[in-house]
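The values are calculated or read from the model by the stated rules, or taken from the named source; none is laboratory data. The model shown is predicted, which means the values in this text are computed figures rather than measured ones. When we count neighbours, we look across all protein chains shown, and the Cβ atoms used for this are built from the backbone with ideal geometry, even at glycine.
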Amino acid sequence: MERYVLVPDSFKGTLASLEICGIMREEILRTRPSAEVIAIPVADGGEGSVDAFLAALGGERMEVPCHGPYMEEMTGFYGLLPDGTAVVEMAAAAGLPLVGNRLSPDRTTTYGVGELMAAAADRGAKRIILGLGGSATNDGGCGAASALGVRFLDKDGKAFVPTGGTLDRIAQIDSAGQRPLPEITVMCDIDNPLCGPAGASAVFGPQKGADAAMVSRLDANLHHFAQIAARDLGVEVENLPGAGAAGGMGGGAVAFWSGTLQMGIETVLSTVGFDDIVRESRLVFTGEGRLDSQSVRGKVIAGVGRCAKQAGVPVVAVVGAVGDDADGIYDLGICSVFSINHAPEPFETAKLKSRENLRRTMRNIMGLLTATEGYHG
């Protein structure tokens with residue numbers, strides 16, 4: 001029985017990874033009805049990561065009470081995979097959609113994310129995958145740490161829960177009462193440092209509602225937090241690549257829980273056991289909305305290509321558009337690239353036809369495979 005493996009990223013603003021897998025599966029089975037098709041929808045750490053892991057591996061979506069970005073009571077969730085791994089996406093308790101028009105990254109908190117992590121640990125999770133992405137916060141993960149037993153003391157020795165706007169009040173970090181956690185793997189697809197022009201506040205603060213003055217204040221506050229963390233926790237995170245992810249949550253995950261920052265696709269492939277899956281496969285399909293130099297530098301397509309290349313299995317990339325700077329992708333295990341767009345038209349028009357165009361492209365690829373089988377010239 002032939003095996004086909006599907007590992008596409010989402011086509012941003014158009015098609016979710018799970019939907020792409022569904023269309024690809026249907027078109028493969030149209031010409032190969034007896035084929036085994038393994039779908040691995042890709043999670044990048046942001047909203048939808050829990051569902052993507054559950055779709056790929058099975059498991060259970062666990063709903064638990066927690067607090068939202070403004071400490072409002074709400075119901076959050078995490079995923080518990082069959083092997084005991086818990087998947088926590090911080091967007092479930094601290095995501096931008098939860099604040100609506102109330103954008104204020106100086107006041108929002110990751111406290112609820114810590115509660116979700118605690119719930120997973122209480123359930124006996126052997127490992128926690130923490131997905132960073134889509135956050136409304138800028139607190140360096142201090143809110144989450146507070147929920148897990150870390151005490152933040154001001155100059156008068158009074159404990160408080162810091163937010164992005166009050167990190168400068170931290171005079172001491174007391175982690176003696178922090179509850180134990182299993183191994184933490186942090187899904188982090190950016191390499192921004194905690195502070196500075198490329199840091200959390202400057203790059204991502206404006207999309208969370210920060211004006212220029214607030215960006216400056218938030219950046220200074222994260223710098224202060226990093227100094228106190230280095231002194232009291234013995235961990236330097238200010239210039240750590242990835243520390244600036246999700247309002248500094250990347251740095252907080254390393255400082256508080258010794259988390260390992262890892263590219264999302266690496267986390268996905270290792271968790272699903274991709275090396276074993278791909279070894280007996282006929283072909284791997286991957287893809288994303290736009291193939292360009294960013295893809296070559298380590299996004300989904302590159303990660304899939306490298307792993308499949310080691311196993312000697314060809315990879316076909318099905319994408320929305322192809323940039324002029326993407327030729328390096330062929331050195332990473334990709335044997336061919338197909339754009340689903342058949343006419344030069346603006347994205348706003350093309351995205352309306354994405355499902356139809358993806359289906360047609362997959363039908364053409366599978367038709368080509370069928371037509372050339374057994375043909376030797």
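Residues that are farther than 17 Å from V50 by Cβ and of a type in the set (S, T, N, Q) were ranked within the range 89-130; the one that is surrounded by the most Cβ atoms within 10 Å (Cβ to Cβ) is T108.
From the list V315, V284, V268, V272, which residue is in contact (Cβ under 8 Å) with a residue 24 or more places away in the chain, closer than 18 Å to L18 by Cα and touching a strand residue (DSSP E or B) at 6+ places or on another chain (Cβ under 6 Å)?
Details: V315 fails: closer than 18 Å to L18 by Cα; V268 fails: touching a strand residue (DSSP E or B) at 6+ places or on another chain (Cβ under 6 Å); V272 fails: touching a strand residue (DSSP E or B) at 6+ places or on another chain (Cβ under 6 Å).
When all the criteria are applied, what remains is V284.
Considering (1) within 30 Å of C142 (Cα to Cα); (2) crowded, with 23+ Cβ neighbours inside 10 Å, the lone condition that I40 does not fulfil carries the number (1).
Taken over the range 1-20, the criterion of being among the hydrophobic types (A, V, I, L, M, F, W, C), in a helix (DSSP H, G or I) and either free of Cβ contacts under 8 Å to residues at least 24 places away in the same chain or crowded, with 24+ Cβ neighbours inside 10 Å (or both) is satisfied by I20 alone. Residues of the range 38-71 that are among the charged types (D, E, K, R) and in contact with a helix residue (DSSP H, G or I) (Cβ under 9 Å, 6 or more places away or on another chain): D44, E47, D51, E60, R61.
Any residue at all in the range 302-317 that's at pLDDT below 85, on the phi < 0 side of the Ramachandran plot and touching a Ser or Thr at 6+ places or on another chain (Cβ under 9 Å)? Quick ask: steps written out before the conclusion?
In the first step, residues of the range 302-317 are kept if they are at pLDDT below 85; the result is none.
The answer is no, given that none of the residues of the range 302-317 is at pLDDT below 85, on the phi < 0 side of the Ramachandran plot and touching a Ser or Thr at 6+ places or on another chain (Cβ under 9 Å).
Name the one entry in D83, D139, D106, D51 that is of a type in the set (D, E, K, R) and either assigned to a helix (DSSP H, G or I) or without any contact (Cβ under 8 Å) to a residue 40 or more places away in the chain (or both).
Numbers: D83 fails: either assigned to a helix (DSSP H, G or I) or without any contact (Cβ under 8 Å) to a residue 40 or more places away in the chain (or both); D139 fails: either assigned to a helix (DSSP H, G or I) or without any contact (Cβ under 8 Å) to a residue 40 or more places away in the chain (or both); D106 fails: either assigned to a helix (DSSP H, G or I) or without any contact (Cβ under 8 Å) to a residue 40 or more places away in the chain (or both).
When all the criteria are applied, what remains is D51.
Here are G143, G177, G164, G199: which of them is under 23 Å from D122 (Cβ atoms), crowded, with 17+ Cβ neighbours inside 10 Å and modelled with pLDDT of 95 or more? Being under 23 Å from D122 (Cβ atoms), crowded, with 17+ Cβ neighbours inside 10 Å and modelled with pLDDT of 95 or more holds for just one of G143, G177, G164, G199, which is G143.
Any idea which residue in the range 54-88 is farthest from S146 (Cα to Cα), counting only those that are among the β-branched types (V, I, T) and crowded, with 18+ Cβ neighbours inside 10 Å? Give the steps one after another, and end with the answer.
Here is the first cut: in the range 54-88, the ones among the β-branched types (V, I, T) are 64, 75, 85, 87-88.
Subset that is crowded, with 18+ Cβ neighbours inside 10 Å: 64, 85, 87-88.
Working: V64: 18, T85: 23, V87: 20, V88: 17 Å.
Top of the filtered list is T85.
State whether the residues of the range 261-274 include one that is over 21 Å from the mean Cα position of the chain (by Cα), of a type outside the set (F, W, Y) and not assigned by TED's automatic domain parsing to the domain that holds P206. Checking the range 261-274: not a single residue is over 21 Å from the mean Cα position of the chain (by Cα), of a type outside the set (F, W, Y) and not assigned by TED's automatic domain parsing to the domain that holds P206.
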